[in-house]
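All remarks here apply to the structure that follows.
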Amino acid sequence: MGQPTKVPRVWELLKRFKEFCDYKGWKTSDYEDMVQIDDVYHNLIGTRAIHPSTFEKITAKKKLAIPEGKSYKIVDVSYTAWVFQQPPSEHLVQTLMNPEITKRTALYDLSGLYQGKPVCLRLNETDSPVFHEFEKFLKQTYGVESKPLYEPRISEPKTLRSKLLEASAG
């Protein structure tokens, strides 16, 4: 495989991914990074960093108001993906270790990409076709390898730093 394509910043990346979703026939929101398949909503949140308490509050919310014409529509968000430009905190990753949360919440650490390493660390145990398509999109469009943040069979997740070092070496 050749040199990976330069990956745009998170917000531009999500915009391009939404365009890809439109092409697939999935409905996307003009104002939110939301993808709808049938009556199932998949929310992608791009961020540099987030305070753990804010993360917990947003992750616990299952409803979101999205613009619809001149008013708003309240929707049930089935899945949320956090797409980080900088490494998320260890506390935040530990918060995601709750099985009730991991069924509907994914995490993508793109910080390695912005340091020249063509790898995205992921924590995705959802069955969201949108998030799985996001991983394929990264690979096909930018040559980015998506690697698990930790192996589910191993009781202790590796630290983000050790995973990044390991991923960049191999």
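Readers should treat all values here as calculations from the given coordinates under stated rules, not as data from a laboratory. From a predicted model like this one, the values you see are computed outputs, not experimental measurements. Positions of Cβ are backbone-derived with ideal geometry, glycine not excepted, and every protein chain shown enters the neighbour counts.
Can you give the local net charge around residue 135? Use residues other than it whose beta-carbon is closer than 11 angstrom to its beta-carbon, Lys and Arg +1, Asp and Glu -1.
It works out to a net charge of +2.
Between their Cα atoms, which of 24/103; 18/73; 57/117 are more than 30 Å away from each other?
57/117
Between segment 62-101 and segment 111-126, what is the C-alpha centre distance in whole Å?
18
To make sure I understand the rule: partners must be aspartates and glutamates, Cα under 12 Å from the Cα of residue 62, and not fewer than 8 residues away in the same chain. Which ones qualify?
Within reach: 76.
Just subtract the alpha-carbon distance of residue 90 and residue 12 from 0.36 nm times their residue separation and send over the number in nm, one decimal.
25.5 nm
Which residues among segment 64-80 fall inside the zone where the amide N is under 20 Å from a point 7 Å beyond the Cα of residue 98, along Cα→Cβ?
What the label zone holds, given the 20 Å backbone N cut-off, is 64, 76-80.
Which ³J(HN,Hα) values, rounded to whole Hz and listed in residue order, are derived for segment 9-26 from phi using the Karplus coefficients 6.51, -1.76 and 1.60 in 6.51 cos²θ - 1.76 cosθ + 1.60 with θ = phi - 60°, glycine and proline given as x?
For segment 9-26, the Karplus curve yields 4, 3, 5, 5, 4, 5, 4, 5, 5, 4, 4, 4, 5, 4, 4, 6, x, 7 Hz.
How much length is gained on full extension from residue 57 to residue 115, taking 0.36 nm per residue of separation minus their Cα-Cα distance?
17.9 nm
Residues with beta-carbon under 14 Å from that of residue 24, excluding residue 24: net charge, scoring Lys, Arg +1 and Asp, Glu -1? Walk me through the numbers on the way to the answer.
Working: positive: 16, 18, 27, 136; negative: 19, 22, 38, 133.
With Lys, Arg at +1 and Asp, Glu at -1, the net is 0.
Cut-off is 10 Å between beta-carbons; in what order do 32, 100, 90 appear when sorted fewest neighbours first?
The order, fewest Cβ neighbours first, is 100, 90, 32.
Hey, got a sec? Which chymotrypsin sites (Phe, Trp or Tyr not before Pro) in segment 27-119 land in a DSSP loop and have at most 10 other Cβ atoms within 10 Å? Spell out each step's value before the answer.
On the way: sites: 31, 41, 55, 72, 79, 82, 84, 108, 114; in loops: 31.
Those satisfying the criteria are 31.
Using only alpha-carbon positions, what ratio does the radius of gyration of segment 1-132 give when scaled by 2.2 N^0.38 Å?
Working it through for segment 1-132, the quotient is 1.06.
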